[in-house]
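S.K.: The structure's right below; bear with me while I get my questions together.
What follows is calculated from the coordinates using simple rules that are stated; it is not laboratory data. What you see is a predicted model; the values in this text were computed from it and never measured. Ideal geometry is used to build each Cβ from the backbone, glycine not excepted, and the neighbour counts take in all protein chains shown.
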Amino acid sequence: MHGKHILLGITGGIAAYKLTFLIRLLKKCGAEVKCIMTPAAKDFISPLVVSTLSENPVGIEFWNKDDGTWANHVEYGLWADLFVIAPLTVNTLSKMSTGNCDNLLLATYLSMKTSTLVVPAMDLDMYAHQTTKRNLAQLKADGVIIVPAEEGELASGLTGEGRMAEPETIFSEIEKIIGNSKADFFEQNILITAGPTHELLDPVRFIGNYSSGKMGYAIAEELIERGANVTLISGPTNLTIKYNRLRKIDVNSAEEMFDAVKSVWHDSTIGIFSAAVADYRPKNRGTEKIKKKSDELTIELIKNPDILKWAGANKGKNQTLIGFALETQNMKENASVKLNAKNLNMIVMNSLKDKGAGFGHETNKISILDNRNNYKAFKLKSKRAVAKDILNYLKTYIG
């Protein structure tokens with residue numbers, strides 16, 4: 001954390017007083033801290049206290065009439081390694097989810113070049129309201145990292161879910177995102193392939209599959225939060241990732257993905273090849289749209305490069321390679337053949353016959369087989385939880 005730039009956004013909630021403890025934790029580990037407060041936040045915590053603890057002026061208004069200085073939201077966005085908004089009130093949450101921009105804090109959020117982390121704090125009925133759930137889901141879809149509210153005593157006198165996470169919890173999450181020596185994949189260069197490939201028949205049609213890319217993207221997000229430097233080579237998807245330690249290479253065809261993999265594999269310590277790459281492509285690609293002229297159309301296909309096999313054949317002694325196998329029958333037997341034939345360290349298996357697993361789902365059910373003859377099966381889980389399982393297994397494997 002030493003020398004990292006942490007920008008704190010403080011909104012008008014009673015939990016704002018806890019930010020004094022968070023600032024001290026950040027300063028103690030050598031981080032540089034700047035703070036922005038909403039005008040309403042001044043009713044809950046003194047700007048003088050925040051400025052004294054952070055050792056920097058506090059931004060509140062765009063224009064400081066006392067000394068004639070301008071608070072530049074663009075410069076804040078460029079300066080910060082991470083923007084932390086805590087407490088996140090219902091009011092600010094609503095504005096962030098709709099792109100509203102009526103104060104310095106919101107203008108800075110919309111100008112951020114790196115990640116934003118938010119820490120909700122509100123009464124239990126407000127936290128449980130469908131509007132709040134919808135707005136939090138929108139922030140998550142926008143790439144914002146959310147530290148969930150905790151259960152406990154609330155300012156209203158009630159007890160329930162809605163209490164802001166404690167400063168130590170927030171600090172721990174910041175450590176994970178920024179990357180430090182305690183993160184278990186700290187500064188490792190990890191290559192991930194994700195999504196389908198599209199093999200063009202003509203300018204408007206292609207051969208492809210139903211892969212959504214969700215599994216690979218979930219692994220990428222989890223790795224970034226655990227300190228890794230991730231290169232994500234992605235086929236065509238509708239997914240987005242907003243993280244400052246991500247290098248994303250967009251491709252369409254298997255040949256394009258192969259070229260991208262060859263350009264980065266030798267600089268990677270780990271390769272996680274989750275993409276559903278088409279095995280074949282049309283031998284001849286139409287330069288114009290193929291017209292319907294007869295009842296039958298014959299298309300000659302040729303093999304695509306075997307990207308995973310190439311990576312296994314060109315794997316260094318300090319590299320670890322993980323493949324994926326989606327099967328409809330004889331899952332373990334077929335995966336074992338693939339593991340050995342392609343010189344993999346591990347293979348992650350799933351079956352289309354398992355309800356909730358496979359393409360397009362928010363969930364997955366996997367098993368893992370490694371080249372040391374270890375095998376472990378997991379229950380049906382969210383793909384983000386599955387990503388954690390895969391990486392935890394990987395961490396144990398590599399030691």
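S.K.: With r defined as the distance between the Cβ atoms of C101 and D43 and R0 fixed at 25 Å, what FRET efficiency is calculated, to the nearest 0.05?
M.R.: Details: r = 22 Å, r/R0 = 0.87.
That gives a FRET efficiency of 0.70.
S.K.: Also, I was wondering about something else. Run down the aspartates and glutamates and flag those whose C-alpha is under 20 Å from the C-alpha of K365, throwing out any fewer than 8 positions away in its chain.
M.R.: E221, E222, E327, E333, D354, D389
S.K.: Please report how far the C-alpha centroid of region 348-399 lies from that of region 85-147, rounded to the nearest whole angstrom.
M.R.: About 32 Å separates the Cα centre of region 348-399 from the one of region 85-147.
S.K.: Show me the ranking of peptides 359-367, 190-198 by mean Cβ neighbours inside 10 Å, starting with the highest. Before the final figure, lay out the partial values.
M.R.: Numbers: 359-367: 17.4, 190-198: 25.9.
In decreasing order of mean packing, 359-367, 190-198 become 190-198, 359-367.
S.K.: Also, quick follow-up: Given points 7 Å out from each Cα along the Cα-Cβ axis, report the K28 to T298 separation in nanometres with one decimal.
M.R.: Result: 7.6 nm between the two label points.
S.K.: Please give the helix 331-341 orientation as an angle from the longest Cα principal axis of the chain, in degrees from 0 to 90, rounded to the nearest 10.
M.R.: Between helix and principal axis, roughly 80 degrees.
S.K.: Among bridges DSSP assigns within region 5-178, what percent are antiparallel (round to 5)? Let's see the in-between values first.
M.R.: Working: 6 of 25 bridges.
The answer is about 25 percent antiparallel.
S.K.: With 20 Å as the limit, write out which pairs from K214/K248; K4/K133; K214/K379 have Cα-Cα distances beyond it, or answer none. Mind dumping the intermediate values first?
M.R.: Details: K214/K248 15 Å; K4/K133 32 Å; K214/K379 18 Å.
K4/K133, as the Cα separations exceed 20 Å there.
S.K.: When the label point is put 7 Å from the Cα of N371 along its Cα-to-beta-carbon vector, which residues of region 341-364 have a backbone N closer than 16 Å?
M.R.: Inside the label zone: 341-348.
S.K.: Still on this structure: Measure nothing fancy, just the Cα-based angle from helix 167-178's long axis to the longest principal axis of the chain, in degrees from 0 to 90, nearest 10.
M.R.: Orientation of helix 167-178: about 40 degrees from the principal axis.
S.K.: Cα axis of helix 19-28 to longest principal axis of the chain: angle in degrees, 0 to 90, nearest 10?
M.R.: 70
S.K.: May I ask you to list the aspartates and glutamates whose Cα is less than 15 Å away from that of K291, ignoring any residue fewer than eight positions away on the same chain?
M.R.: Within reach: D202.
S.K.: Moving on to the next point. Given R₀ = 56 Å, what would the calculated FRET efficiency be for N64 paired with Q130, taking r from the Cβ atoms and rounding to 0.05? Walk me through the intermediate numbers first.
M.R.: Working: r = 40 Å, r/R0 = 0.71.
Step by step, r from the Cβ atoms, then E = 0.90.
S.K.: Additional query: State the answer as a single residue: which of L82, C35, M126 lies farthest towards the positive end of the charge dipole of region 18-156, with beta carbon charges of +1 for Lys and Arg and -1 for Asp and Glu, about the Cα centre.
M.R.: Working it through, the farthest residue towards the positive pole turns out to be L82.
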